[in-house]
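Asker: Below is a structure I'd like to ask you about.
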Amino acid sequence: MTAFETLGSTRTDEPVSARDRVYLCLRQQITTGVYAGGIRLVEEQIAEQLGVSRTPIREALQRLTSEGLVERVRRGQLIVVEVDATTRAELHELRIAFDQVAARMISAKTQSIDWDSLYALLTPLGNALHDHGVGSPQYSMAHLELHMAVNRAAFSSTTSSFLARQAFLYPTDDYVQQSGHEPVSQHRTLLDDLASGDVERATTAVRVHALRGHGNTTLD
């Protein structure tokens, strides 16, 4: 099964449309560096690679352009925008801020959260890790879905929809596995902390988790 096909089964609440699968796949290709800065994106080539029509490709590229990950240059050509170290650092700070707000929101309503559904997302995460590795598109998709599901649980549908459009804040290409913190157990611990109802514990946990994933070992 390809990374693109895997996207159809990552959501637990509703199926992902072909349009959204294309968008998620291309965005992960960009944020993980498979499509490096300066690479030209051609609708026909991408459609052939993913086995879809050009319509969802065109819509996905428009969304990526509006997000600033793709740029339209001369003669309407589309190229991938370079995401430099400074930008990545800034985006990471935004991710920590978003996650801490989510932790506060979810801590205030732990009794109404469907925790079984969130914990169930550890299974596809583990499967992707076992079958494809931590640097794979399959793992990136499972990892992204887990964090987006937490945001959906923490916020209203309108707010979580906004956060879904910021999903590039959750890349896994530089994910660092530290001793005692393998991916599945690390995310299970994160869910345990979020489910505790302790605001300080939850907000500290998401910060530590984000810093560890970013390869920053200074967790003070």
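Asker: For region 12-158, just say rounded, prolate or oblate: build the C-alpha gyration tensor, square-root its eigenvalues into a ≥ b ≥ c, call rounded for a/c under 1.5, and beyond that prolate if a/b exceeds b/c, oblate if not.
Answerer: Taking the square roots of the gyration eigenvalues as a ≥ b ≥ c, region 12-158 is prolate.
Asker: Taking neighbour counts of Cβ atoms within 10 Å as a proxy for exposure, in what order, fewest first, do 22, 101 appear?
Answerer: By the 10 Å Cβ count, ascending: 101, 22.
Asker: For each of 150, 83, count neighbouring Cβ atoms within 10 Å of the residue's Cβ, then give the residues from fewest to most.
Answerer: 83, 150
FYI, it's all coordinate maths here, none of it is from the lab. Keep in mind it's a predicted model, so treat the numbers as computed, not measured. Because the Cβ atoms are built from the backbone with ideal geometry, glycine has one as well, and the counts that use them run over all protein chains shown.
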